[in-house]
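Worksheet for the structure shown next.
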Amino acid sequence: TVMDWTNMAFDYQSARIEVDTHTHTVLSGHAWSTLMENARYAAETGLKGLCTTEHAHCIVGTAPPLLPGTFHMLPPELFGVQLFMGLEFNILDYEGNIDPYASKHFNQIRFGIASMHRDVIEPGTANQHTEAYLAALEHPLVDVLGHPGTVAYPCDIPAVVAAAKAQSKMIELNNNSFLARPGGRGNCLAYARECMRQDVRVCVSSDAHFAHSVGVVNLSMELLAEVDFPPELILNLRMDGFLAYLQQERARRIDGYKT
């Protein structure tokens, strides 16, 4: 059963996620650790679940399109940590298209992030970014928008959050953004407040590119504490809530998709 947070005190200062929904390995081309190393560190630090979301193939130097076809070769868990193999898709254009993959691999992609990266899409106008996010959220493989608080891609935040709500999807609060994408904290605060207002769930993730960053989300948690964000809206705070999402909403969406 999913945790009931009603009338429960929540301490953001000591809070830890049970599932990290955004991590990378050496297969992404610019990360430093292997899947084994990430999973071992996840186990050592008490994580119950690990999403490995390699950069999708339209970023130069990352894993080829064949990657999802090998997901079934991996064990369901390592060191007691459950594995969820996924991808961080690139939003390719202002129409919201993402990296194409063979439809036969859809059920193997357990979790999907859609992000804008400068290596793939040049910043445009706020209206263009908004339209791209709205369209990307409609794709059945996309579960969450990755680091949308990035200052390079301003958008209509209330409209994007409303689209996530309509699609039963999430907004990401990316801990690495506070380190690698400076200047976006104000946007992240705006997303947090808007998600509270519209009752939209978030994923609080590390975006780890090295094993010792897996599960590290302290900066995102500090931001959520600042706005007194309700813990029940953090999808990956507890494993049971994350599993419920995968087994219900996402499974229904993927099973019904035809291409």
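Some notes on this structure:
- Segment 214-242, residues that are without any contact (Cβ under 8 Å) to a residue 60 or more places away in the chain and open to solvent by 40 Å² or more (accessible area, probe 1.4 Å): Val216, Asn218, Leu219, Glu226, Asp228
- Filtered by the rule that a residue be crowded, with 16+ Cβ neighbours inside 10 Å and either acidic (Asp, Glu) or part of a loop (DSSP other than H, G, I, E, B) (or both), segment 98-123 gives Asp99, Tyr101, Ile109, Arg110, Met116, His117, Val120, Ile121.
- Any chance Pro148 is out of contact with any strand residue (DSSP E or B) (no Cβ under 6 Å at 6 or more places or on another chain) and closer than 14 Å to Ala114 by Cα: yes
- Candidate set from segment 2-53 (those that are of a type in the set (S, T, N, Q) and open to solvent by 50 Å² or more (accessible area, probe 1.4 Å)); member that is modelled with the lowest pLDDT: Asn7
- Applying the criterion of being touching a residue at least 60 places away in the same chain (Cβ under 8 Å) and on the phi > 0 side of the Ramachandran plot to the residues of segment 138-185, the residue that is farthest from the chain's Cα centre (by Cα) is Ser168.
- Matching entry among Leu145, Leu189 (being closer than 26 Å to Ile254 by Cα and not small (Gly, Ala, Ser)): Leu145
- Any hit, segment 69-77, residues being in a helix (DSSP H, G or I), open to solvent by 70 Å² or more (accessible area, probe 1.4 Å) and out of contact with any strand residue (DSSP E or B) (no Cβ under 8 Å at 6 or more places or on another chain): yes
- Segment 174-198 - residue that is in contact with a Gly (Cβ under 7 Å, 6 or more places away or on another chain) and in a helix (DSSP H, G or I) and, of those, most open to solvent (accessible area, probe 1.4 Å): Asn187
A quick yes/no check of all residues on (1) of a type in the set (Ser, Thr, Tyr); (2) farther than 30 Å from Glu131 by Cα:
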{"position": "Thr21", "(1), (2)": "yes, no"}
{"position": "Asn38", "(1), (2)": "no, yes"}
{"position": "Thr53", "(1), (2)": "yes, no"}
{"position": "Gly61", "(1), (2)": "no, no"}
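- On the stretch given as segment 130-144, residues that are in a helix (DSSP H, G or I) and out of contact with any strand residue (DSSP E or B) (no Cβ under 9 Å at 6 or more places or on another chain) total 3.
- Taking the numbered list (1) of a type in the set (Val, Ile, Thr); (2) within 19 Å of Phe242 (Cβ to Cβ); (3) open to solvent by 60 Å² or more (accessible area, probe 1.4 Å) in turn, Val81 passes all entries but (3).
- Just one of the listed residues (Ala56, Ala63) is touching a helix residue (DSSP H, G or I) at 6+ places or on another chain (Cβ under 7 Å), open to solvent by less than 20 Å² (accessible area, probe 1.4 Å) and among the hydrophobic types (A, V, I, L, M, F, W, C), and it is Ala63.
- Test: His147 is surrounded by fewer than 16 Cβ atoms within 10 Å (Cβ to Cβ), closer than 20 Å to Thr52 by Cβ and either aliphatic (A, V, I, L, M) or in contact with a helix residue (DSSP H, G or I) (Cβ under 7 Å, 6 or more places away or on another chain) (or both): no
The values are calculated or read from the model by the stated rules, or taken from the named source; none is laboratory data. All figures in this text were calculated on a predicted structure; none of them were measured in a lab. Every residue, glycine as well, gets a Cβ built from its backbone with ideal geometry; the counts of neighbours run over all protein chains shown. Side chains included, ligands, DNA and RNA excluded: accessible areas come from the protein's heavy atoms. Shrake-Rupley method; radii C 1.70, N 1.55, O 1.52, S 1.80 Å.
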